[in-house]
Structures are given as structure tokens and as C-alpha cells.
Amino acid sequence: AIALPAYQDYVVRSKMSEPIAAIAACKTSIAEFRSARSAWPANETEAGCPTTPTQYMSALTVSAAGQIQATTTAAVGAGGCSLTLTPSGLSGNTISTWTGTSGCNPKFVPSTFR
């Protein structure tokens, strides 16, 4: 009675790792873009972020202010929800901090997005 719900939550959290990994790769690309060009990328393509939908991520977008948003698919088990990472600390052209927010159930996302 206790193990099954805990296992189901574990499975959902493991599926959330796919969009989180895509965000992490995009975060690096945006930081390099900002450092090299002293500007924000206009979109995910210019930033060099992965845009191909996957089994657990339906879309990844980048705003003109460097904000990254990944949307999960219903296959994750948490429903289609979004994870957003925003550059919040800028020292010259170096991003010093990022702030994460989520439209997902907090028990399915890492503490960065709560």
C-alpha cells in the first residue's frame, strides 16, 4: 500500500529528467551566447537549443530575454506541465544566477523549480 504510490512517483520524477536535461543544455548555450555576443538570443534556434520533441518533452522555447520553457508531454504522468528557467542575475555579460519555476506538481520536480 505504501510502496506502489512511492514507486509511481519515482517513475514520474525519472521521466521529468528528460526535459530538465534539455533545459540544462539550453542554459549552457544561452550563457555562452550572452557571454560572446553581449546580447540575448532571439529564440531557441539562435541559442542552439534542442527543439526536437521527445517522448517526455513536447516543446522547448527560449524568449528574447533568455528565459527557457520546457513543456512535458502527457506521457510523463504529471500531465502536460511546464518548467521555466529565467536568468535572474547578470554581472556584465555573465549570468550569475538562474531562477526556476514550474507549473507541475512540486513533488515531481527538483528543488530548483519549486
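The values are calculated or read from the model by the stated rules, or taken from the named source; none is laboratory data. The structure displayed is predicted, hence computed values, not measured ones. Reconstructed Cβ throughout: ideal geometry from the backbone, glycine too, with neighbour counts over all protein chains shown. Please note that ligands, DNA and RNA were not included when accessible areas were found on the heavy atoms of the full protein model with its side chains. Shrake-Rupley method; radii C 1.70, N 1.55, O 1.52, S 1.80 Å.
Spin-label pair Ile2-Thr52: with each label point 7 Å from Cα along the Cα-Cβ axis, the two points sit 4.3 nm from one another. Local charge for Thr72 was computed over the other residues whose Cβ lies under 10 Å away, with Lys and Arg +1 and Asp and Glu -1, and equals 0.
Distances between placed amide hydrogens fall under 5 Å for Trp98 paired with Ser88, all partners being 5 or more residues away or on another chain.
Here the dipole of the chain is about 200 debye; that uses its Cα centre as origin and unit charges on the Cβ of Lys and Arg (positive) and Asp and Glu (negative).
Note on the chain: dipole from Cβ charges, positive end direction compared against Ser17, Ile2, Thr86; the farthest Cα belongs to Ile2. What a 1.4 Å probe finds exposed on the chain is 54% carbon and sulfur by accessible area, rounded to a whole percent.
Heavy-atom accessible area per residue, the chain, 1.4 Å probe: how many Å²?
53 Å²
Based on alpha-carbon positions alone, could you give the equivalent ellipsoid semi-axes of region 50-104 from the gyration tensor, as √(5λ), descending, whole Å?
One finds semi-axes of 25, 12, 7 Å for region 50-104.
Amide H contacts of Ser58 (H built 1.01 Å from N, in plane; Pro and chain starts excluded): Thr71, Thr72, Thr73 sit under 5 Å, all sequence-distant by 5 or more or on other chains.
Taking each residue as 0.36 nm, the span from Ser14 to Ala36 lengthens on full extension beyond its C-alpha to C-alpha distance by 4.5 nm. Across region 1-92, Cα-Cα pairs farther apart than 16 Å form 55% of the total. For Cys26, what is the net charge nearby, where nearby means another residue's Cβ is under 12 Å from its Cβ and Lys, Arg count +1, Asp, Glu -1? So the environment of Cys26 carries a net charge of -2.
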